Structures are given as structure tokens and as C-alpha cells.
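To start, the structure itself, in C-alpha cells.
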Amino acid sequence: NETGLHLAVSCNSEPIVKALLGAGAKLHFCDYRGNTPLHRAVVENVPDMVRLLLLQRRPGQPGGLRLDCTNDDGLTALQAAVYARNLKITRILLEAGASVREKDLKHGNNILHIAVDNDALDIVHYILEEVKEELGRERNNAGYTPLQLADAKSHTGQG
């Protein structure tokens with residue numbers, strides 16, 4: 001239920017990943033949770049693998065790396081990085097062109113909603129200062145902006 005590329009990424013084995021990619025391993029194949037190798041690199045917190053996989057991008061090429069595809073949890077790799085509170089990988093993916101406009105499929109949260117909901121204050125600051133301040137005005141499926149979500153969390157003792 002996972003490819004050799006998924007396993008090599010999980011083990012942070014650059015030589016094996018390079019060999020598999022050289023042999024034509026597909027970057028869009030998903031594991032049993034709908035994770036691409038890029039998702040797996042994010043989940044396993046291996047920024048070097050994220051960078052290596054991003055070097056394989058060839059837009060429009062069949063079987064190539066797609067930055068904004070979602071896994072079974074409805075998350076893109078960028079959203080998974082924010083969910084994991086990983087600023088380093090979040091920056092890498094944003095610099096590579098991952099979309100800040102994508103919303104998770106379950107709750108309609110953008111990356112700022114996700115950062116707020118997971119108390120990732122460093123990512124909240126980074127998004128507001130360096131990315132898109134207007135993300136703070138977008139509403140999720142429940143009708144909350146990220147600020148309203150933070151306020152609701154503080155009133156329920158979750159934040």
C-alpha cells in the first residue's frame with residue numbers, strides 16, 4: 001500500500017530516492033492514506049527530501065509532482081506542514097509556489113485557519129507578514145475568519 005519511493009523518503013535515504021527517481025518512480029502515486037511522496041516527506045519532517053522532490057517538478061508532465069493535490073485527510077502538502085507546525089517546510093513549499101488559496105476539504109480552512117487552530121504562532125506571523133494578509137479575511141465552512149476562530153478557541157479554553 002505504499003511505493004518504494006514512499007519508504008525511501010520516510011527513511012530519508014537520498015541515494016535510494018535519487019535512484020528510484022532516475023528509474024522513473026512516479027511522484028503522484030499515493031500510499032494507503034492518500035499521501036504522495038511529498039506529503040510523506042512533510043509528515044516525516046524531512047526538509048531535505050521535500051527539497052529533493054521539489055527539484056523533480058516538471059509542470060504539465062504526466063506522473064509529475066503536483067504541489068496542491070490533497071491526501072485522504074483533505075490536506076495539501078503545504079496544509080500538512082502548517083498542521084504539523086513546521087515553519088521550515090512551510091517556507092520551502094511556499095517558496096516553491098504551493099498555493100495559499102487552497103482550503104482543506106473537510107473544514108474549508110486556509111493555511112492561516114490551520115495555523116491558528118494548531119497554535120502555530122510563528123507560522124501565523126510568517127503568513128501575515130510575508131505571504132498574504134488577506135487570508136485573514138477568508139471564512140471557513142463554519143463561517144469563521146482565522147481571527148474569529150482564534151477568539152472562539154480562547155473562549156472555549158482551547159487556545
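Wholly within the range 86-159, which helices (runs of 4 or more DSSP H) include no fewer than the required count, namely at least 2 residues that are touching a residue at least 12 places away in the same chain (Cβ under 8 Å) and either touching a Phe, Trp or Tyr at 6+ places or on another chain (Cβ under 9 Å) or at positive phi (or both)? Write out each step before concluding.
Details: elements: 87-95, 111-117, 121-126, 146-156.
Where helices (runs of 4 or more DSSP H) fall fully within the range 86-159 and carry at least 2 residues being touching a residue at least 12 places away in the same chain (Cβ under 8 Å) and either touching a Phe, Trp or Tyr at 6+ places or on another chain (Cβ under 9 Å) or at positive phi (or both), they are 87-95, 111-117.
Take residue 120 and tell me if it is in the same structural domain as residue 147 (by TED's automatic domain parsing) and in contact with a Leu (Cβ under 9 Å, 6 or more places away or on another chain).
Here the answer is yes, as residue 120 does meet what is asked.
Anything in the range 1-19 that is exposed (fewer than 14 other Cβ atoms within 10 Å of the Cβ) and not in a helix (DSSP H, G or I)? List them, or say none.
Within the range 1-19, 1, 11 meet the criteria.
If you scan the range 83-114, which residues turn out to be polar (S, T, N, Q) and surrounded by 16 or more Cβ atoms within 10 Å (Cβ to Cβ)?
86, 90, 109, 110
Take residue 140 and decide whether it is in contact with a Gly (Cβ under 7 Å, 6 or more places away or on another chain) and either closer than 27 Å to residue 27 by Cβ or not assigned by TED's automatic domain parsing to the domain that holds residue 56 (or both).
yes
The values are calculated or read from the model by the stated rules, or taken from the named source; none is laboratory data. Please read these numbers as outputs of a predicted model, since none were measured by experiment. Backbone-built Cβ (ideal geometry, glycine too); neighbour counts: all protein chains shown.
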